[in-house]
């Protein structure tokens, strides 16, 4: 038996997906172009400077330019206030996010030590590598969070709602890590759950500071504090170093600890916690005055 489509709901469904294809996608592409341009202008402009004169500040300047480009996109293209970078809450949420990201990575390595998978070997002295890693991670955190959580997620949220917007944007974030060295099904699932962490952080605050800091805190702690491979990229001689020994589903293999089952557990716990906070806040800012301000 063949069921006929409901004559009322079918056009509504077609209309929803039509809006996504015709408008949300175009807006998201324009926003992405603005962000990429803002970052590229700065990085190309400083390329001719000696390396010693390009320590950290170009990445910070590029981050400022990307924020400015995003605010232009939000106000002129999306026609919304662009409160995602409200300065009043920046120090609190940046600090909380950085500590949270570091704590998540610390929990992963603590568990791996207890399981006999990570074997601590020593430490390096503090050096300029810290600023090189921080510089790279600042760019990554601002670019990816503005693009995925600032542009893609809200574009999907209007027609589909918050839950589907977070899920789909997180799947996109996970899929974007598939070309990385050592990527596996588990590492892709972990990257998707990382997207859920950052997406629920956005819903909990309706700002991007927390997600950016979580992202930055995670990458910097893994890449520099523990000298670990981050998403398949080359390792850095960071502060502490050791050896991962064991099955790939625990060590993460060539992708790094972000491909470990322990990481999946920690990210799932963080997602649950942030989802509870977001639900209690209704996915909106806690203060009506801030929403309008």
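The values are calculated or read from the model by the stated rules, or taken from the named source; none is laboratory data. Just so you know, these numbers come straight off a predicted model, no measurement behind them. Positions of Cβ are generated from backbone atoms using ideal geometry, with glycine treated the same way; all protein chains shown enter the neighbour counts.
In the set 218, 249, 209, only one residue is more than 20 Å from residue 103 (Cα to Cα) and out of contact with any strand residue (DSSP E or B) (no Cβ under 9 Å at 6 or more places or on another chain); that residue is 249.
Let's see how each residue does on (1) surrounded by 14 or more Cβ atoms within 10 Å (Cβ to Cβ); (2) within 22 Å of the chain's Cα centre (by Cα):
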{"residue": "35", "(1), (2)": "yes, yes"}
{"residue": "40", "(1), (2)": "no, yes"}
{"residue": "43", "(1), (2)": "yes, yes"}
{"residue": "61", "(1), (2)": "yes, yes"}
{"residue": "77", "(1), (2)": "yes, no"}
{"residue": "87", "(1), (2)": "no, yes"}
{"residue": "104", "(1), (2)": "yes, yes"}
{"residue": "118", "(1), (2)": "yes, no"}
{"residue": "122", "(1), (2)": "no, no"}
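Residue-by-condition table, conditions (1) farther than 28 Å from residue 79 by Cα; (2) surrounded by fewer than 23 Cβ atoms within 10 Å (Cβ to Cβ):
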| position | (1), (2) |
| --- | --- |
| 144 | no, yes |
| 191 | yes, no |
| 202 | no, no |
| 209 | no, no |
| 218 | yes, no |
| 223 | yes, no |
| 230 | yes, no |
| 237 | yes, yes |
| 243 | yes, yes |
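Go through the range 21-36 residue by residue and tally those that are out of contact with any helix residue (DSSP H, G or I) (no Cβ under 7 Å at 6 or more places or on another chain) and at pLDDT 90 or above. Summing the residues that are out of contact with any helix residue (DSSP H, G or I) (no Cβ under 7 Å at 6 or more places or on another chain) and at pLDDT 90 or above in the range 21-36 gives 3. Taking the range 41-56, which residues are at pLDDT 95 or above and under 23 Å from residue 220 (Cβ atoms)? Result: 42, single match.
Could you check, for the range 136-158, whether at least one of its residues is over 24 Å from residue 176 (Cα atoms) and in contact (Cβ under 8 Å) with a residue 12 or more places away in the chain? Scanning the range 136-158 turns up no residue that is over 24 Å from residue 176 (Cα atoms) and in contact (Cβ under 8 Å) with a residue 12 or more places away in the chain. The single residue among 277, 262 that is surrounded by fewer than 17 Cβ atoms within 10 Å (Cβ to Cβ), in contact (Cβ under 8 Å) with a residue 40 or more places away in the chain and in contact with a helix residue (DSSP H, G or I) (Cβ under 7 Å, 6 or more places away or on another chain) turns out to be 277. Looking only at the range 117-145, residues that are on the phi > 0 side of the Ramachandran plot and either modelled with pLDDT of 95 or more or touching a helix residue (DSSP H, G or I) at 6+ places or on another chain (Cβ under 7 Å) (or both) come to 0 in all. Looking at this structure, is residue 109 modelled with pLDDT of 95 or more, crowded, with 20+ Cβ neighbours inside 10 Å, touching a strand residue (DSSP E or B) at 6+ places or on another chain (Cβ under 9 Å) and part of a helix (DSSP H, G or I)? For residue 109, the condition - modelled with pLDDT of 95 or more, crowded, with 20+ Cβ neighbours inside 10 Å, touching a strand residue (DSSP E or B) at 6+ places or on another chain (Cβ under 9 Å) and part of a helix (DSSP H, G or I) - is met.
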